[in-house]
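First comes the structure, then the notes that go with it.
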Amino acid sequence: MRYQLIGVNHKSAPLEVRERLAIPEKRLPDTCRELTAYPGIEEGMVISTCNRVEVVTHTVNGHADLRGFLHDHFHLKPEELDAHLYEFREKDAVRHIFRVASSLDSMVVGEAQILGQVKEAYATARAVGAVRGQLDQLFSRAFAVAKRVRTETAVGSSSVSIASVAVELAKKIFGTLQGKNVFIVGAGKMSELAARHLMAHGCASIFVANRTYERAIGLAQKFDGQAIKFEDLYATCDRADIVITSTGAPHAIFRREHGEQFLARRKNRPMFFIDIAVPRDVSPEMGKLDGIFTYDIDDLQQAVAGHIADRRKEAELAEAIIASEVEKFEARSHTLDVVPTIVSLQDHLETIRQAEIDRVRSRMGQLTPEQEIAVEALTRGIINKVMHTPITALKSAAKESEATTVVDVVRRLFNLQIKDKDAAQTPAKSDEVGTRP
Amino acid sequence: MSLLWLRFALACYFIGLVYAFVALSRTSDLFARIALHAASLGMVFHFVSLVELFLSGQVVWASVHNSESLLAFLSMTFFMVIYAIYQTTSPGVVVFPVVFFLTFVAAVDQQPVLLTSFVSHKGWLVAHIILIFTGYAALVLSFGASLLYLLQERRLKAKKPTSLISFLPALEVIDQIGYRSLLLGFPFMTLGLISGSVVAITTPTIGRVDFLDPKILLSVLMWAVYMIMVFTRWNSGWRGRRAAILASFAFVAALAAWAANYFSAIHRFAS
């Protein structure tokens with residue numbers, strides 16, 4: 001668990017700083033190579049998105065100079081950068097990576113894009129051999145945790161802007177938006193934004209009506225749509241499934257009788273009115289009709305607030321999942337830390353045992369099979385009894401985060417030479433990264 | 001043995017029943033998947049049960065319990081077809097309890113109760129039963145869809161933020177499920193009634209058919225309501241509350257037509 005992480009994100013650094021640190025995609029492989037060539041770093045990768053730049057490493061002794069790496073790489077002075085940096089080690093670094101992959105550290109909590117970005121960064125670093133045993137384990141687990149968070153909580157299920165809420169509501173009514181028609185009444189910025197969202201989700205065509213016909217034409221052209229004269233509004237409105245209305249009219253322009261006409265002409269197929277005008281364009285009476293769904297600006301904002309509250313609640317659940325996953329990961333890592341020492345200890349004592357048996361055999365001559373069995377049993381019994389206490393101590397230390405200290409003590413006591421664990425785990429890849437000092 | 005398989009199926013459908021109740025209050029994809037697998041397994045047991053019944057060689061399709069079992073199986077088949085098309089388990093909220101109830105009644109250990117009338121055209125009788133039950137199954141689903149439509153419409157109109165996190169599919173999808181079930185069920189129901197009439201007319205023991213018999217009256221009423229539903233939907237696109245009221249009426253008419261088997265002179269279940 002000699003993980004070390006350093007970085008900036010949307011909370012710690014303003015955009016100007018993040019811009020200076022951003023690494024273009026095609027330069028990522030070289031940066032990863034440079035990182036693993038840096039003193040004290042065994043493995044490393046870089047996550048660079050518009051909201052964060054993070055360097056994740058597994059180091060030789062847990063104290064690599066990652067700030068130094070950033071200063072050197074970006075040619076920045078400490079005073080320009082250090083105030084914006086955060087740094088995490090060991091368990092905290094694991095927790096941070098789990099949170100990032102699960103989109104709990106994102107600007108819009110729960111957005112799905114970040115996981116894809118982390119996966120890409122991981123693939124890039126892996127392709128150049130900068131990610132091997134330790135970071136491989138960490139990120140494989142992080143992806144599994146992100147999946148668990150997504151499956152077991154609703155943190156990523158709701159959208160948070162008014163336009164996206166409008167799209168979501170439209171989908172709750174119509175299922176797919178493919179082939180649906182949108183009518184914009186009153187050419188405002190907000191209705192344009194909502195219309196853009198709806199079109200992006202597959203709506204077929206757009207009609208625009210405005211008291212100033214020229215403005216209607218202007219907006220219609222933007223969407224390759226059709227401008228309608230305001231006086232033809234009621235005759236044509238039923239052609240639309242979704243109506244976004246935001247006129248400055250002092251009273252409702254859509255009343256119950258209009259709704260009844262529309263429904264009759266549409267054979268009762270539902271209509272969705274997004275009323276972002278204040279005062280409202282759609283009378284509440286019209287909204288009571290079967291098949292007419294009206295959401296005014298307050299309803300939409302309430303839905304947005306509800307989503308944010310939902311997400312906050314779900315994020316708490318997600319944090320609990322992450323906390324338990326970090327504990328599991330740590331316990332597993334410590335267990336992995338002690339395994340090579342246990343193996344070395346067993347090898348060491350077995351070598352001693354064999355050497356002693358050979359020595360005795362040369363003095364005593366040929367032993368009978370019964371004697372051989374007795375000597376084997378006796379020596380093995382002694383070795384097992386000797387090993388029992390240190391192995392138990394190592395195993396219990398692994399569970400209690402004291403693995404490093406106990407491993408050191410056992411190594412010194414028995415003078416154990418441990419092979420490089422990572423090299424043993426990935427012999428083929430270790431040769432590829434031969435640049436490390 | 002057939003009864004044993006049916007009880008296995010019942011155990012599987014029970015998971016679906018629990019899902020139906022849970023789904024009304026909270027969304028769980030995992031539980032929906034479990035319910036779906038349990039229902040699929042239940043259908044396998046159910047199918048084996050029906051095949052064994054058929055192979056037993058008796059004309060037992062006309063018994064109350066076996067026909068309930070057949071109706072449950074057909075309803076489940078409809079549900080699965082809809083799942084395959086729309087990838088939604090939400091009609092299960094209505095279908096699972098109905099199927100569980102029908103299977104439960106069928107799985108209770110009772111001697112089958114048989115039609116007393118002697119039937120001379122067994123082919124017509126089998127056609128009548130299968131056609132009419134397919135029509136019933138479609139009606140169950142259409143009724144379920146109209147209830148779900150109402151529920152979803154209310155949620156959307158209530159404008160509660162949490163209404164967006166709901167297990168129900170989009171309103172138009174529910175609408176399509178209901179309408180397509182209706183359209184599919186109507187010809188089956190019509191042909192089922194025609195084949196039933198052929199059986200009645202050609203069976204000598206029935207003699208002169210009494211058109212005021214409750215079974216005939218209620219069946220015609222049910223068919224008429226069914227036709228009105230199809231027509232109003234096709235002609236003026238009735239949805240929501242009005243469609244749900246009509247569907248409920250058709251459902252009640254169907255139940256009444258079913259209940260008429262206990263007191264009809266010509267279409268009677270007796271020991």
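Springs join every pair of Cα atoms under 10 Å in this Gaussian network model of chain A, and among A:V100, A:V17, A:V109 the largest mean-square fluctuation is at A:V17. Spin-label model, B:A158 to A:A204: label points 7 Å out along the Cα-to-beta-carbon direction sit 3.3 nm apart.
For the stretch A:175-190, 3J(HN,Hα) computed residue by residue from phi via the Karplus equation (6.51, -1.76, 1.60; θ = phi - 60°) reads x, 8, 9, 4, x, 7, 9, 10, 10, 9, 10, x, 7, x, 5, 5 Hz, glycine and proline entered as x. Give the residues of the stretch A:127-148 whose amide nitrogen is closer than 19 Å to a point set 7 Å from the Cα of A:L317 in the direction of its Cβ. What the label zone holds, given the 19 Å backbone N cut-off, is A:144-148.
Applying 1/(1 + (r/R0)^6) with r as the Cβ-Cβ distance of A:E87 and A:A305 and R0 = 30 angstrom yields a FRET efficiency of 0.30. Secondary-structure-derived ellipticity at 222 nm for the protein assembly as shown, considering helices only, amounts to -21500 deg cm²/dmol, per-run term -39500 (n - 2.57) for DSSP H runs with n ≥ 4. Residue by residue, the stretch A:23-35 carries 3J(HN,Hα) couplings of 10, x, 3, 6, 8, 4, x, 5, 4, 5, 4, 4, 5 Hz when phi is fed to the Karplus relation 6.51 cos²θ - 1.76 cosθ + 1.60 (θ = phi - 60°); x denotes Gly or Pro. Measuring nothing but alpha carbons in the stretch A:3-152 and taking Rh as the Kirkwood radius, the Rg to Rh ratio lands at 0.93. Relative to the dominant Cα principal axis of chain A, helix A:369-399 is inclined by about 40°.
Each residue of the stretch B:37-44 is assigned a 3J(HN,Hα), and the resulting list reads 5, 4, 5, 4, 5, x, 5, 4 Hz, derived from the Karplus form 6.51 cos²θ - 1.76 cosθ + 1.60 (θ = phi - 60°), x at Gly and Pro.
Here the contact order of chain A, divided by its residue count and restricted to Cα pairs under 8 Å and six or more residues apart, works out to 14 percent. Think of the protein assembly as shown as having a plus end and a minus end, set by charges on the Cβ of Lys, Arg, Asp and Glu; of A:A204, A:Q301, A:G7, A:A204 sits farthest toward the positive end of this dipole. Simple spin-label estimate for A:K385 and A:R211 gives 10.2 nm between the two label positions (7 Å along the Cα-to-Cβ direction from each Cα). The calculated FRET efficiency for B:V105 paired with A:K288, based on their beta-carbon distance and R0 = 35 Å, is about 0.25. If a spin label sat at a point 7 angstrom from the Cα of A:H10 along the line to its beta carbon, the backbone N atoms of the stretch A:85-111 nearer than 13 Å would be those of A:103-111.
Once the C-beta distance of A:Y234 and B:R241 is scaled by a Förster radius of 30 Å, the resulting FRET efficiency is 0.75 to the nearest 0.05. For the pair A:K26 and A:K189, label points projected 7 Å from Cα toward Cβ lie 3.7 nm apart. Look at the alpha carbon pairs under 8 Å that are at least 6 residues apart: their mean separation over the length of the stretch A:162-305 gives a relative contact order of 23 percent.
For A:V208, the residues whose amide H sits under 5 Å from its own are A:I184, A:Q226, A:A227, A:I228, ignoring neighbours fewer than 5 places away on the same chain, with H placed 1.01 Å from N.
At q = 0.07, 0.10, 0.12 Å⁻¹, what is the base-10 log of I(q)/I(0) for chain A according to the Debye formula with one equal point scatterer per Cα and no solvent? Please give it to two decimals. With no solvent term, the Cα-only Debye profile gives -0.57, -0.85, -1.01.
All of the numbers you see were taken from the coordinates with simple rules; none came from a lab. Small disclaimer: the values here were computed from a predicted structure and weren't measured. A quick note on method: Cβ atoms are made from the backbone with ideal geometry, for glycine too, and the neighbour counts reach across all protein chains shown.
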